[in-house]
Amino acid sequence: MRTTHGISRRAFMMDLGKGTFAVAVLGLTTMACSSDDPSPAATTAGGGSGGGSSTPPSSETTSAVTTSPVTTSPVGDAAVSWERVNLGFVSAYVLARRGEATIVDTGVSGSEDAIAASLGALDLGWDDVSHVIVTHLHDDHQGSLPAVLNLAGDAAAYAGAADIPAISSPRPLNAVGDGDTVFGLQIIDTPGHTPGHIAVFDPAGGGLLLAGDALNGADGGVIGANPNFTSDMVAADESIGKLAALTFDTVVFGHGEPVETTASQQVAELAATL
Ligand SMILES: [Zn+2]
């Protein structure tokens, strides 16, 4: 069940990181966003070497937080192609551009085969994965991060600073937020669902927003964060107002069906009701 979405329109307006790459998203089917309490298993490891050493799964470490602006590959003028990895009740995404891939969210533990299938659908493999971005600490979004990073040995990983201590990772996570660009994608701080939640935005083409759980898809449209699993609804609503200022045709979610037309208008209409 995959759908490759080629985005061919050129980006205009918004000069925030025009990028060219492909993202695949994976979806999972298990309880998502139900872990509001950071796992105590996560420990803070100093910024060690970024790769190389293999760490036993039982002693995964979380990465040190970096504070300098993150800017990876220069952004091109082509939008990413994306694949949704529909895992059931949750989705992850694989984005591709110019033979490189970025994975946004990793689904629950055991989702790596589904992610690999989405990479394959984009004619890419683990060696082509340059970046892995986790939108927030919930298990249905970061559960397969250790497996994914072990398979994608050259990939750098990223998450919001406030969530990093609760995310298990075999190598350091880079803290990213407003002003950072990864794979030509803009990172947007969207706290509320979790303190360190981030959204990912590709301004190229018609615009693509990967909202994580800052928004949800429902009945073909867009609704706000799920209050049952959101730590700060006031902040979550403010983050939706922030996303409403962007222009994009398409928005994809951790939960719910993607909206592929007039998406930013729908988000703006939602924000106006909050
Ligand atoms: Zn969540």
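The values are calculated or read from the model by the stated rules, or taken from the named source; none is laboratory data. Not measured: the values here are computed from a predicted model. Reconstructed Cβ throughout: ideal geometry from the backbone, glycine too, with neighbour counts over all protein chains shown. Surface areas here come from the heavy atoms of the whole protein model, side chains and all, with no ligands, DNA or RNA. Shrake-Rupley method; radii C 1.70, N 1.55, O 1.52, S 1.80 Å.
Against the definition (within 24 Å of residue 129 (Cα to Cα), among the aliphatic types (A, V, I, L, M) and in a loop (DSSP other than H, G, I, E, B)), how does residue 225 come out, yes or no? Walk me through how you get there before you give the answer.
Working: within 24 Å of residue 129 (Cα to Cα): no; among the aliphatic types (A, V, I, L, M): yes; in a loop (DSSP other than H, G, I, E, B): yes.
No.
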Of the residues in region 137-158 that are open to solvent by 20 Å² or more (accessible area, probe 1.4 Å) and charged (D, E, K, R), the one that is nearest to residue 196 (Cα to Cα) is 139
Need pairs with beta-carbon distance below 8 Å; first residue within 14 Å of the ligand (Cβ to nearest atom) and within region 128-155, second aromatic (Phe, Trp, Tyr); sequence gap 6+ or separate chains. 134/158; 138/229; 140/89
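Restricting the search to region 178-196, which residues are at positive phi, away from the ligand (no atom under 16 Å from the Cβ) and either touching a helix residue (DSSP H, G or I) at 6+ places or on another chain (Cβ under 8 Å) or open to solvent by less than 10 Å² (accessible area, probe 1.4 Å) (or both)? Show your work before the answer.
Filtering region 178-196 for residues at positive phi gives 179, 183-184, 192.
Next, only the ones that are away from the ligand (no atom under 16 Å from the Cβ) stay: 179, 183-184.
Residues satisfying the conditions are 183, 184.
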Select the strands (runs of 3 or more DSSP E) contained entirely in region 72-136, then report the ones holding at least 1 residues which are in contact with a helix residue (DSSP H, G or I) (Cβ under 9 Å, 6 or more places away or on another chain) and surrounded by fewer than 24 Cβ atoms within 10 Å (Cβ to Cβ). 81-86, 100-104
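From the residues in region 219-274 that are charged (D, E, K, R) and under 20 Å from residue 140 (Cβ atoms), which one is farthest from the ligand (Cβ to nearest atom)? Before the answer, list the steps.
Step one: list which residues in region 219-274 are charged (D, E, K, R), which gives 219, 232, 237-238, 242, 249, 257, 260, 269.
Restricting the remaining residues to those that are under 20 Å from residue 140 (Cβ atoms) gives 232, 257.
Values: 232: 13, 257: 17 Å.
In this case the residue turns out to be 257.
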Within region 209-240, work out how many residues are within 13 Å of residue 265 (Cα to Cα) and open to solvent by less than 40 Å² (accessible area, probe 1.4 Å). 4
If residue 246 meets every condition in (1) hydrophobic (A, V, I, L, M, F, W, C); (2) touching a Phe, Trp or Tyr at 6+ places or on another chain (Cβ under 8 Å); (3) closer than 19 Å to residue 108 by Cβ; (4) open to solvent by 10 Å² or more (accessible area, probe 1.4 Å) apart from one, which number is that one? (3)
Collect the residues in region 204-222 that are of a type in the set (A, V, I, L, M), modelled with pLDDT of 95 or more and in a loop (DSSP other than H, G, I, E, B), keeping them in residue-number order. 211, 214, 215
